[in-house]
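Here's the structure we're looking at; comments come further down.
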Amino acid sequence: MTIAAGQQIPKYERANARALILCSGWAFRYRILPDGRRSIVRLVLPRQFVSTDAAFSASAASQADTPAKALTDIQLCSYSARNLRDRCLATPPLMSLVLDLLIEEIRDAYDLAAALGRRSAHGRIAFLVVAAMKKLAPEGLVHGRRYPFPLRQQHIADAVGLTTVHVSRVLAQLRDSGLMTVADGAVTFHDLAGCDRAAARG
């Protein structure tokens with residue numbers, strides 16, 4: 001299944017639930033706050049489930065509460081959620097793999113909550129950029145100290161709880177301090193160790 005950048009990823013009724021895995025490109029899940037602002041709660045990167053809860057939960061409510069959108073043009077692999085659950089029950093190694101993915105998603109959510117709750121603006125943005133790099137590197141999608149980073153300043157702001165003006169200022173400071181440059185749809189690390197420290201300490 002191919003979905004163009006900026007388009008919503010389809011939602012399915014529970015009876016026809018699909019397990020969607022991102023094969024290529026970037027997507028994100030988000031929530032709309034009562035005042036209309038958007039909060040990006042998860043970046044979805046290649047080889048990750050778009051919505052594990054939609055595939056394995058008994059309720060379809062999470063799809064409505066936390067929809068997903070393509071950040072770039074994406075390719076999705078689509079499987080029957082019921083068939084996947086049946087195969088997991090019949091195949092322990094597959095069940096173990098899926099559980100590992102679920103645990104990783106939970107761990108990522110905890111890490112993001114800690115970043116938003118305790119890190120400075122510099123730490124939040126460094127965390128977002130470095131965390132994405134660490135997910136992409138095992139897939140061979142990081143080349144040297146540079147990797148594609150299609151998030152615009154509004155996406156970054158929505159992901160780390162800042163205004164676009166603040167994001168622009170912090171990105172300029174990170175560049176001028178010799179840590180990283182985020183521009184033209186890519187991240188270039190000038191001091192990867194320094195970025196890692198900024199992401200860890202905040």
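The values are calculated or read from the model by the stated rules, or taken from the named source; none is laboratory data. None of these values were measured; they are calculated from a predicted model. Cβ coordinates were reconstructed from backbone atoms using ideal geometry, including for glycine residues, and neighbour counts include every protein chain displayed. What goes into the accessible areas is simple: the full protein's heavy atoms, side chains included, and nothing from ligands, DNA or RNA. Shrake-Rupley method; radii C 1.70, N 1.55, O 1.52, S 1.80 Å.
Once the chain from residue 1 to residue 154 is taken as fully extended at 0.36 nm per residue, the excess over their C-alpha distance is 52.4 nm.
Grab the beta carbon distance between residue 168 and residue 108, set R0 = 30 Å, and tell me the FRET efficiency rounded to 0.05. E between residue 168 and residue 108, to the nearest 0.05, is 0.70.
Of the residues 136, 150, 199, the one whose Cα sits farthest toward the positive end of the charge dipole of the chain, with +1 on the Cβ of Lys and Arg and -1 on the Cβ of Asp and Glu, is 199.
Enumerate the residues in the range 179-193 having an amide nitrogen under 14 Å from the point lying 7 Å beyond the Cα of residue 72 toward its Cβ. Taking a point 7 Å out along Cα→Cβ of residue 72, the residues of the range 179-193 whose backbone N falls under 14 Å are 183-188.
With a 1.4 Å probe rolled over the protein heavy atoms of all chains, the accessible area of 111, 73 falls in the order 73, 111, largest first. Per residue, the range 91-183 exposes an accessible area of 54 Å² to a 1.4 Å probe, with every protein chain left in place. Using the Cβ-Cβ distance between residue 145 and residue 38 with R0 set to 35 Å, the FRET efficiency works out to roughly 0.70. Available extension along the chain between residue 116 and residue 183 is 21.8 nm, counting 0.36 nm per residue and deducting the alpha carbon span. Taking all Cα pairs closer than 8 Å and separated by 6 or more residues, the relative contact order of the range 72-202 comes to 27 percent.
Largest to smallest in accessible area, the residues 190, 143 fall in the order 143, 190 (1.4 Å probe, all protein chains included). Counting only whole DSSP H helices of the chain, the ones at least 15 Å long by C-alpha along their axis and with mean Kyte-Doolittle hydropathy no lower than 0.0 are 92-118, 121-136, 164-176. In order along the range 21-38, the Karplus-derived 3J(HN,Hα) couplings, from 6.51 cos²θ - 1.76 cosθ + 1.60 at θ = phi - 60°, round to 10, 6, 8, 7, x, 10, 9, 8, 10, 8, 10, 9, 6, x, 8, x, 6, 9 Hz, and Gly and Pro are given as x. Over all other residues within a Cβ to Cβ distance under 13 Å of residue 79, the charged ones net out to +3, with Lys and Arg as +1 and Asp and Glu as -1.
Overall, the accessible surface of the chain at a probe of 1.4 angstrom is composed of carbon and sulfur to the extent of 54 percent.
Where (1) 62, 31, 13; (2) 31, 18, 16; (3) 27, 20, 14 are the candidate values, the label of the one calculated here for semi-axes √(5λ) of the Cα gyration tensor in Å is (2). Assuming charge only on the beta carbon of Lys and Arg (+1) and of Asp and Glu (-1), the dipole of the chain about its Cα centre is about 200 debye to the nearest 20. Scanning residues 5 or more positions from residue 71 or on other chains, those with amide H under 5 Å from its amide H are 6, 26, 27, 28, with H placed 1.01 Å from N in the peptide plane.
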